[in-house]
Amino acid sequence: MTGKPVLLSGDNPQIAKGYGDAPVQAWIDAIPGWKSLLARRLDALIVEAVPGVRKAVKWNSPLYGVEDGCWFLGMHGFTGYVKVSFFRGAELEPPPPGPSKQKLVRYLDIHEADTLDEARFVDWVKQAGRLPGEKM
């Protein structure tokens, strides 16, 4: 056994469920190439925007929240992009552009060629961090 996580479809790393920064950093380290660099930057922006943010990995996705067991944001790797899920994104101003079948969820899909609007992302994260989290 090499100790390296298995990459699932879309190069999303298979990381054991865990709470705290360590499993999130393991996920970030395991997602390949530019996606790792992007995830590392997103993680840093989230930590800066929401002091004391809680982290976990569940369902092979990093989650971020303000209180234990309640999450406002998640990330997931797909072929060609990283999907950021704002679990109450419909309540953000303006809402993130990606629609969802779920009434409140909105997505931000970031592709390699995209330029991340960090100011907009941080604003969404700050807004999301002030809303009630979703229990998962």
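Mind checking whether some residue in the range 48-59 is touching a residue at least 12 places away in the same chain (Cβ under 8 Å), touching a helix residue (DSSP H, G or I) at 6+ places or on another chain (Cβ under 6 Å) and surrounded by fewer than 15 Cβ atoms within 10 Å (Cβ to Cβ)?
No.
Restricting to the range 1-44, and then to whatever is in contact with a Pro (Cβ under 7 Å, 6 or more places away or on another chain) and β-branched (Val, Ile, Thr), can you tell me which residue is most open to solvent (accessible area, probe 1.4 Å)?
15
Is there any pair with a first residue in the range 9-25 that is part of a loop (DSSP other than H, G, I, E, B) and a second that is open to solvent by 70 Å² or more (accessible area, probe 1.4 Å) whose Cβ atoms are under 6 Å apart and which are 6 or more apart or on different chains, and what are they?
Close Cβ pairs satisfying both conditions: 14/6.
Scan the range 95-113 and give yes if some residue there is in a strand (DSSP E or B), under 20 Å from residue 23 (Cα atoms) and open to solvent by 40 Å² or more (accessible area, probe 1.4 Å), otherwise no. Walk me through it before giving the result.
Let us first name the residues in the range 95-113 that are in a strand (DSSP E or B), namely 98, 106-111.
The next check asks that each one be under 20 Å from residue 23 (Cα atoms); those that pass are none.
The answer is no; no qualifying residue exists.
Restricting the search to the range 82-93, which residues are open to solvent by less than 60 Å² (accessible area, probe 1.4 Å) and free of Cβ contacts under 8 Å to residues at least 40 places away in the same chain?
83, 85, 89, 90, 92
Restricting to the range 72-81, and then to whatever is in a loop (DSSP other than H, G, I, E, B) and not small (Gly, Ala, Ser), can you tell me which residue is surrounded by the fewest Cβ atoms within 10 Å (Cβ to Cβ)?
To start, the set of residues in the range 72-81 that are in a loop (DSSP other than H, G, I, E, B) comprises 72, 79-80.
Then drop every residue that is not not small (Gly, Ala, Ser), which leaves 72, 79.
Details: 72: 27, 79: 8.
Among those residues, the one meeting the criterion is 79.
What residue, of 133, 65, 69, is farther than 17 Å from residue 10 by Cβ, at pLDDT below 95 and crowded, with 19+ Cβ neighbours inside 10 Å? Quick ask: steps written out before the conclusion?
Values: 65 fails: at pLDDT below 95; 69 fails: crowded, with 19+ Cβ neighbours inside 10 Å.
It is 133.
The values are calculated or read from the model by the stated rules, or taken from the named source; none is laboratory data. As the structure is a computational prediction, the values presented were derived from the model and not from experiment. Don't worry about glycine lacking a Cβ; one is built from the backbone with ideal geometry, like all the others, and counts go over all protein chains shown. Please note that ligands, DNA and RNA were not included when accessible areas were found on the heavy atoms of the full protein model with its side chains. Shrake-Rupley method; radii C 1.70, N 1.55, O 1.52, S 1.80 Å.
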